[in-house]
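The structure under discussion appears below in the form of structure tokens.
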Amino acid sequence: MTWGRSRVVGSGGATDMIRVPPRLVRRTVLAPVVLCCCILLVVASPILFLLAAIGDLFAGGRRSLRFVAFGVTYCAYEVAGLLAVFWLWIVSGAGARIRTPAFAERHYRLMAWWLRGLQTVATRLFHIEVHIEERRPPEPGPILVFSRHGGAGNSLLLVATLLLDYGRRPRIIMLEKLQWEPLFDTLLNRLPNRFIRHGASGREAQLEAIGALASGLGDRDAFVLFPEGHDFKPQLRERAIAHLRKGGHHDSAARAERMANVLPPRHGGVMAAIRNAPDADIVFVAHTLFEDVGSIGQLWQRIPLKEPVLARFWRIPVAEVPEGTEEQIAWLYGWWSRIDAWISDKVTEADEVLDDLSEEIAAPPTSDLSDPSTTLP
């Protein structure tokens, strides 16, 4: 048995402003250039740390040092990862056995090492921790994971949770642009994943690829799809609702208008996955924290994070999934509304905590603070 090659499907359109170069160019030009740049940044890291420390002396805090430390670490892992995939290509007989199950397992182990290392560094530098509410123990059986899209950081945290905490082998539907990152490009293209390109003219090819990736799931496999198709932004939400109305989907548009924290889900990919994985349970994923980070400046001000990343997983037995097309669309929107409500609750809770803290700071207790046994809440 061999693994199929991951490939790009879809058609170019207005969303494809910069097309990803051909595979040969990515391997022979882009990857070596990125490798050399990462090596140079690691070598120059003492100078970068010195400049960051000077900047922090004027700005206060240690944000510059944190970002530089993570950037240098990422470059080091990029170098190690690219050398590792090149070594795996050599020992596989110049790629002759690269798609066998044995080498697929080696690539999953490399992926786990990369994710675990960067997650550890991010936790130490940025205080990024994931708290899963009502966490259930891992259960066997294939699963289809449908998650809201809240940014690249949340997506990586989801994949890391599935691979590291639940021992799952993710099969991911991703956007073509991620292939600009050489390690993502090389590593993920050797495993059962699919890169897609947005475009109405390529919709059937996209759905076919999604269905193909969802078929043949094993007990340890987890198909991962982000039905919204884009990171959540208020302007994208308005455009998506307008697009639904323009297409005559007035019921879906009305449902989408009642959801303030998510984009309306694209049901085609979800239904294609369910149709091709009739024995797989469904897992819906909600998460919070990064949805209100709209710019690098906002992210800069929030580092290090004061609150953990909150997540919620719902596993739905396949027997509870409706069969009809309209019923499945209504069911999907119902779950997306539940995800939206969960996010609203978490944002409200966070705001209430911040309000309470602000009131305590503005009006400190009347107790004798000179007494060392007295502490602030």
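The values are calculated or read from the model by the stated rules, or taken from the named source; none is laboratory data. As the structure is a prediction and not an experimental result, all values here were calculated from the model. All Cβ positions, even for glycine, are placed from backbone atoms using ideal geometry, and neighbour counts span all protein chains on display.
Give the residue, chosen from 84, 122, that is closer than 16 Å to residue 303 by Cβ and surrounded by 14 or more Cβ atoms within 10 Å (Cβ to Cβ).
Within the list 84, 122, the selection yields 122.
Just one of the numbered conditions (1) part of a loop (DSSP other than H, G, I, E, B); (2) of a type outside the set (Phe, Trp, Tyr); (3) in contact with a Pro (Cβ under 6 Å, 6 or more places away or on another chain) is not true of residue 222; which one?
Result: residue 222 fails condition (1) only.
What's the number of the only condition in (1) farther than 26 Å from residue 158 by Cβ; (2) touching a strand residue (DSSP E or B) at 6+ places or on another chain (Cβ under 7 Å) that residue 91 fails to meet?
It is condition (2) that residue 91 fails.
Could you please give the count of residues in the stretch 146-173 that are in a loop (DSSP other than H, G, I, E, B), under 14 Å from the mean Cα position of the chain (by Cα) and among the basic types (Lys, Arg)?
Qualifying residue count, the stretch 146-173: 1.
Given the condition farther than 30 Å from residue 286 by Cβ, of a type outside the set (A, V, I, L, M, F, W, C) and surrounded by 13 or more Cβ atoms within 10 Å (Cβ to Cβ), answer yes or no: does some residue in the stretch 144-152 qualify?
no
Among the candidates 264, 227, which residue alone is under 24 Å from residue 135 (Cβ atoms), modelled with pLDDT of 90 or more and in a loop (DSSP other than H, G, I, E, B)?
Going through 264, 227 in turn, the sole match is 227.
Rundown of residues vs (1) touching a helix residue (DSSP H, G or I) at 6+ places or on another chain (Cβ under 9 Å); (2) farther than 26 Å from residue 165 by Cα; (3) not in a helix (DSSP H, G or I), yes/no style:
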position	(1), (2), (3)
30	yes, yes, no
65	yes, yes, no
75	yes, no, no
78	yes, no, no
81	yes, no, no
84	yes, no, no
93	no, yes, yes
102	no, no, no
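Scan 2, 15, 28 and give me the residue that is modelled with pLDDT under 90 and loosely packed, with under 12 Cβ neighbours inside 10 Å.
Every option except 2 fails the conditions.
Residues in the stretch 166-205 that are at positive phi and surrounded by fewer than 16 Cβ atoms within 10 Å (Cβ to Cβ): how many?
Number satisfying all stated conditions: 1.
Being touching a residue at least 24 places away in the same chain (Cβ under 8 Å) and in a loop (DSSP other than H, G, I, E, B) is the filter here; which residues of the stretch 113-145 pass it?
Result: 127, 128, 129, 134, 135, 136, 138, 139, 140, 141, 142.
Of the residues 356, 368, which is part of a helix (DSSP H, G or I), loosely packed, with under 12 Cβ neighbours inside 10 Å and modelled with pLDDT under 95?
So the residue among 356, 368 that is part of a helix (DSSP H, G or I), loosely packed, with under 12 Cβ neighbours inside 10 Å and modelled with pLDDT under 95 is 356.
Taking the stretch 233-262, which residues are surrounded by fewer than 19 Cβ atoms within 10 Å (Cβ to Cβ) and either in contact (Cβ under 8 Å) with a residue 40 or more places away in the chain or in contact with a Phe, Trp or Tyr (Cβ under 6 Å, 6 or more places away or on another chain) (or both)?
Hits for the stretch 233-262 are 233, 258, 260.
Can you report the number of residues in the stretch 74-112 which are more than 29 Å from residue 122 (Cβ to Cβ) and not polar (S, T, N, Q)?
11
In the stretch 273-289, which residue that is in contact with a Lys or Arg (Cβ under 6 Å, 6 or more places away or on another chain) and of a type outside the set (A, V, I, L, M, F, W, C) is modelled with the highest pLDDT?
Per the stated criteria, the residue is 281.
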